[in-house]
Amino acid sequence: IAHVRSFVDRSCAGAWAANVTHLPENGPFGPIPPQIRGVSKTTNLVTISIGGNDLNWGAIAERCQVPLPGNDARCRFNVGHIAAAHRMLAYMEGQVNGVMRAVREKAAPNARIVLVGHGGQVGRRGCWPFVPASDGDAAWMKDFLAQFNATQARIAARYGAAFVDVGARSAGHDPCSAQPWFEGAVPREIAVFGHPNQIGAAMIAEWIREVA
């Protein structure tokens, strides 16, 4: 990115929105200061990827998982599960909106902000044990993550920020594909399950470069 001469990385695995704005995160070596401390009036680019933990995505996905291939948890038909997932989606929107507002207020008015969405860890079919869900439930999870990204895109627009739709851009490269950019419930590469592998991380970096 030509206009960026140096950068500060304040990202941290397991972070919630509050860990960006005001709440120290518990790290292996003690408290980690809120990430927003890395932003100042001279900052000209901020990239943010947050919201999956506020959504409680792990619990949503877990309800759809099966212990053996061929089983069907039928989470897509569970009215209580779906209602709870949408409540968490609304909660996530409020939390990420607060992050974007805080960053926009602290950064220079003309700073470029890029909000990076989620997705890619599930496609429209299951493949036990990497995506341990039925095809129907996998498709429901894929569609729900599309709603997550649509929500984040709206948040980004409110603050004049760019948005990277990771779910849409990584279509065809979920853990069940021949060329996965994300690891599934059982990682095949050195990467955290449900997160981008090395190729996926490189692709996300390129997508950020395109909009930054």
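The values are calculated or read from the model by the stated rules, or taken from the named source; none is laboratory data. The structure displayed is predicted, hence computed values, not measured ones. Here Cβ is always computed from backbone atoms with ideal geometry, including for glycine, and neighbour counts include all displayed protein chains. Accessible surface is based on the protein model in full, side chains and every heavy atom, while ligands, DNA and RNA are left aside. Shrake-Rupley method; radii C 1.70, N 1.55, O 1.52, S 1.80 Å.
Some notes on this structure:
- Consider segment 154-196 and keep the residues that are over 25 Å from residue 112 (Cβ atoms) and without any contact (Cβ under 8 Å) to a residue 12 or more places away in the chain. The one that is least open to solvent (accessible area, probe 1.4 Å) is 191.
- Lone unmet requirement of (1) among the polar types (S, T, N, Q); (2) in contact with a Lys or Arg (Cβ under 8 Å, 6 or more places away or on another chain); (3) part of a helix (DSSP H, G or I) for residue 40: (3)
- In the set (1) within 19 Å of residue 109 (Cα to Cα); (2) among the basic types (Lys, Arg); (3) surrounded by 12 or more Cβ atoms within 10 Å (Cβ to Cβ), residue 10 fails one condition alone, (1).
- Counting only residues that are open to solvent by less than 30 Å² (accessible area, probe 1.4 Å) and either within 30 Å of residue 210 (Cβ to Cβ) or of a type in the set (A, V, I, L, M) (or both), segment 14-37 holds 8 of them.
- Enumeration of residues in segment 48-90 that are aromatic (Phe, Trp, Tyr) and either surrounded by 15 or more Cβ atoms within 10 Å (Cβ to Cβ) or in contact with an Asp or Glu (Cβ under 6 Å, 6 or more places away or on another chain) (or both): 57
- Pairing each residue of segment 1-28 that is at positive phi and at pLDDT 85 or above with any residue that is open to solvent by 40 Å² or more (accessible area, probe 1.4 Å) and of a type outside the set (Lys, Arg), provided the two are 6+ apart or on different chains, yields C-beta distances under 8 Å for 14/53.
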